[in-house]
Amino acid sequence: MNEYDSNRIYDLLEKKNYKRTDQLKDVDCYILNTCHIREKATEKVYHDVGRVKKIFRHKKKPIVIVTGCVAQAEGDILLKREKYIDAVIGPQSYHSIADTILKIERKCKEINLTDFQTIEKFDKLNLVSNSSSNVSSFLTIQEGCDKFCKFCVVPYTRGAEFSRSIEEILKETLGLIKNGAREITLLGQNVNAYNFEGKKLSDLIKKISKISGINRIRYTTSHPLDFSEDLVAIHKDCKKLMPLIHLPVQSGSNRILKLMNRKHTVDEYLEIFNKLKEINPTIEFSSDFIIGYPGEEKEDFMDTFNLINRIKFINSYSFVFSPRPGTVAANLKLIDKKVSMERLEKIQSQLFENQIKMNKSLENKNLNVLVENLTEKKTQVFGRTEYMTPVIFDGNKSDIGKILQIKIRQSNRTSLFGEKVCSSNKKVA
Ligand code: SF4
């Protein structure tokens with residue numbers, strides 16, 4: 001979602017005649033869009049701002065703004081400790097960024113914009129078209145979270161659950177198609193909690209799938225509690241909906257899930273898995289895991305390990321628990337770091353083994369690949385399978401945006417390598 005937000009910030013500022021650059025030494029305004037999920041996120045802000053300070057030591061200071069969840073969670077502290085920062089803007093206030101820059105230019109004092117103005121934000125963003133020109137584009141449809149998992153900052157940094165209207169989402173989708181999008185990933189912190197005037201995520205997917213320019217639809221991130229029957233059913237009915245489901249489980253132990261306040265059990269998770277596999281056996285799962293959550297015993301860890309072996313997630317994110325300031329879990333007693341690290345290694349080697357096996361099983365098969373871009377070498381192109389696995393093969397610019405049949409010749413853990421399947425016109429009778 002930060003990538004989506006960063007692009008929208010660029011869109012807002014382009015209207016004010018700012019041009020995007022990746023040359024730090026040239027900037028008039030430096031915006032650091034932050035993510036609080038990352039470890040030591042606040043320290044990284046000071047480090048990055050320090051880097052800018054160094055570059056501009058003998059030059060006119062650029063405007064420095066910190067946006068995103070770290071700004072939301074620790075705005076006042078940032079402004080107090082690092083005077084080089086001119087403003088902090090939370091994720092629900094960035095629609096005001098152009099006005100903020102104007103205020104800074106007029107020499108107003110440090111600015112802290114961390115109110116939850118979600119409705120106002122999207123009203124303003126709807127007036128500025130989304131300039132993303134990626135074949136695979138993100139589209140935020142939902143923000144915020146009411147679940148309050150004990151380890152997570154999102155309910156405090158993004159606020160309560162909020163859903164955008166179907167009308168504005170469809171309008172943005174059409175704009176993205178015009179820019180070249182063929183695949184849309186619908187985004188939300190709790191994307192399957194989407195509910196706009198009774199219309200759910202499945203209704204939205206149905207509508208988007210009727211738009212001819214779109215070939216693939218994905219959504220992320222879901223919560224098991226909101227995985228309703230209609231959402232399961234749409235995976236049977238909608239051919240454009242991709243068969244990879246990212247559904248975080250966090251732990252395979254009911255005891256730990258309860259301690260985390262996840263509001264679902266392992267059985268409920270497995271029930272969703274079974275229902276989806278029943279209606280479409282080609283569906284695969286990916287997930288998130290927190291290893292070494294406070295109170296995790298060896299048995300709890302083994303439950304997670306066994307769940308991984310049962311579901312055979314094809315791709316997952318796994319981390320050792322690290323406390324986030326302001327969350328309930330931040331005050332809990334940590335388990336031995338060495339034990340957590342050993343458990344993480346064990347989990348990851350299992351996840352990686354599954355991934356390697358899965359990719360190996362695809363060798364010599366023909367797969368549908370949506371081509372996204374040229375690789376750095378420019379003689380090859382890069383695309384993704386229906387399961388999001390990157391595929392690299394010889395191709396050129398004219399392949400971008402097409403779905404091509406690729407014969408997979410080689411694989412490693414993260415990528416596949418192949419060649420185009422030639423279609424011959426020769427006929428014989
Ligand atoms: S459901 Fe997801 S976003 Fe919400 S609190 Fe839990 S981990 Fe955070």
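The values are calculated or read from the model by the stated rules, or taken from the named source; none is laboratory data. Since this is a predicted model, take the numbers as computed values, not measurements. For neighbour counting, all protein chains shown are included, and Cβ atoms are generated from backbone atoms with ideal geometry for every residue, glycine included. For accessibility, only protein heavy atoms count, side chains too; no ligands or nucleic acids. Shrake-Rupley method; radii C 1.70, N 1.55, O 1.52, S 1.80 Å.
Taking Ile256 as the residue in question, decide whether it is among the β-branched types (Val, Ile, Thr) and either under 27 Å from Lys171 (Cβ atoms) or free of Cβ contacts under 8 Å to residues at least 12 places away in the same chain (or both).
no
Consider only pairs whose beta carbons are under 7 Å apart and that are at least six residues apart or on different chains; among these, list those whose first residue lies in segment 156-176 and is within 17 Å of Val128 (Cα to Cα) and polar (S, T, N, Q) and whose second residue is more than 15 Å from the ligand (Cβ to nearest atom) and open to solvent by 20 Å² or more (accessible area, probe 1.4 Å).
If the second residue must be more than 15 Å from the ligand (Cβ to nearest atom) and open to solvent by 20 Å² or more (accessible area, probe 1.4 Å), the pairs left are Ser165/Phe196; Thr173/Ile211.
Can you tell me which of (1) open to solvent by 60 Å² or more (accessible area, probe 1.4 Å); (2) in contact with an Asp or Glu (Cβ under 7 Å, 6 or more places away or on another chain); (3) away from the ligand (no atom under 16 Å from the Cβ) is the one Asp146 doesn't meet?
(3)
When you go through (1) surrounded by 12 or more Cβ atoms within 10 Å (Cβ to Cβ); (2) under 18 Å from Arg81 (Cα atoms) one by one for Lys54, which number turns out not to apply?
(1)
Report whether or not Ser251 is among the small types (Gly, Ala, Ser), surrounded by fewer than 20 Cβ atoms within 10 Å (Cβ to Cβ) and within 16 Å of the ligand (Cβ to nearest atom).
Criteria not met by Ser251.
Which of the residues spanning segment 187-224 are over 18 Å from Leu244 (Cα atoms), open to solvent by 10 Å² or more (accessible area, probe 1.4 Å) and either in contact with a helix residue (DSSP H, G or I) (Cβ under 8 Å, 6 or more places away or on another chain) or within 16 Å of the ligand (Cβ to nearest atom) (or both)?
Of everything in segment 187-224, those that are over 18 Å from Leu244 (Cα atoms), open to solvent by 10 Å² or more (accessible area, probe 1.4 Å) and either in contact with a helix residue (DSSP H, G or I) (Cβ under 8 Å, 6 or more places away or on another chain) or within 16 Å of the ligand (Cβ to nearest atom) (or both) turn out to be Ala193, Asn195, Phe196, Lys199, Lys200, Asp203, Lys207, Ile211, Gly213.
Quick check on my filter: what residues within segment 358-386 are open to solvent by 50 Å² or more (accessible area, probe 1.4 Å) and not in a strand (DSSP E or B)?
Matches in segment 358-386: Lys360, Ser361, Asn364, Lys365, Glu376, Lys377, Lys378, Thr379, Glu386.
Please work out which residue is nearest to the ligand (Cβ to nearest atom), limiting yourself to segment 152-175 and to residues that are hydrophobic (A, V, I, L, M, F, W, C) and open to solvent by 30 Å² or more (accessible area, probe 1.4 Å).
Ala160
Collect the residues in segment 390-417 that are exposed (fewer than 15 other Cβ atoms within 10 Å of the Cβ) and among the acidic types (Asp, Glu), keeping them in residue-number order.
Residue satisfying the conditions is Asp394 alone.
What about Ser129, is it surrounded by fewer than 21 Cβ atoms within 10 Å (Cβ to Cβ), under 20 Å from the mean Cα position of the chain (by Cα) and either within 16 Å of the ligand (Cβ to nearest atom) or in a loop (DSSP other than H, G, I, E, B) (or both)?
For Ser129, the condition - surrounded by fewer than 21 Cβ atoms within 10 Å (Cβ to Cβ), under 20 Å from the mean Cα position of the chain (by Cα) and either within 16 Å of the ligand (Cβ to nearest atom) or in a loop (DSSP other than H, G, I, E, B) (or both) - is not met.
Tell me, which helices (runs of 4 or more DSSP H) wholly within segment 212-322 include 1 or more residues that are more than 20 Å from Thr389 (Cα to Cα) and small (Gly, Ala, Ser)?
In segment 212-322, 229-237 are the helices (runs of 4 or more DSSP H) which contain 1 or more residues that are more than 20 Å from Thr389 (Cα to Cα) and small (Gly, Ala, Ser).
Take the residues of segment 176-186 that are part of a helix (DSSP H, G or I) and either at pLDDT below 95 or surrounded by fewer than 20 Cβ atoms within 10 Å (Cβ to Cβ) (or both): which is farthest from the ligand (Cβ to nearest atom)?
Lys178
Only one residue in His246, His235 is within 13 Å of the ligand (Cβ to nearest atom) and either modelled with pLDDT of 95 or more or surrounded by 20 or more Cβ atoms within 10 Å (Cβ to Cβ) (or both). Which one?
His246
Can you tell me which residues in segment 107-121 are in contact with a helix residue (DSSP H, G or I) (Cβ under 7 Å, 6 or more places away or on another chain) and under 17 Å from Met1 (Cα atoms)?
Residue satisfying the conditions is Lys121 alone.
Condition first: surrounded by 21 or more Cβ atoms within 10 Å (Cβ to Cβ) and within 16 Å of the ligand (Cβ to nearest atom). Now tell me which residues in segment 286-303 satisfy that.
Of everything in segment 286-303, those that are surrounded by 21 or more Cβ atoms within 10 Å (Cβ to Cβ) and within 16 Å of the ligand (Cβ to nearest atom) turn out to be Ser287, Phe289, Ile290, Ile291, Tyr293.
Look through segment 151-167, keep the residues that are of a type outside the set (S, T, N, Q), assigned to a helix (DSSP H, G or I) and modelled with pLDDT under 95, and return whichever of them is nearest to the chain's Cα centre (by Cα).
Selected residue: Val154.
Assess whether Asn33 counts as being at positive phi and without any contact (Cβ under 8 Å) to a residue 40 or more places away in the chain.
Answer is no for this residue.
Any residue in segment 345-355 that is in contact with a strand residue (DSSP E or B) (Cβ under 8 Å, 6 or more places away or on another chain) and farther than 28 Å from Lys147 by Cα?
yes
Are any residues in segment 137-179 of a type in the set (Gly, Ala, Ser) and out of contact with any Gly (no Cβ under 9 Å at 6 or more places or on another chain), and if so, which ones?
Ser165, Gly175
Of these, Ile311, Ile335, Ile283, Ile256, which one is open to solvent by less than 30 Å² (accessible area, probe 1.4 Å), out of contact with any His (no Cβ under 7 Å at 6 or more places or on another chain) and more than 14 Å from the ligand (Cβ to nearest atom)?
Among Ile311, Ile335, Ile283, Ile256, only Ile311 is open to solvent by less than 30 Å² (accessible area, probe 1.4 Å), out of contact with any His (no Cβ under 7 Å at 6 or more places or on another chain) and more than 14 Å from the ligand (Cβ to nearest atom).
Can you confirm whether Glu229 is surrounded by fewer than 20 Cβ atoms within 10 Å (Cβ to Cβ), of a type outside the set (S, T, N, Q) and over 29 Å from Ile169 (Cα atoms)?
So Glu229 fails the test.
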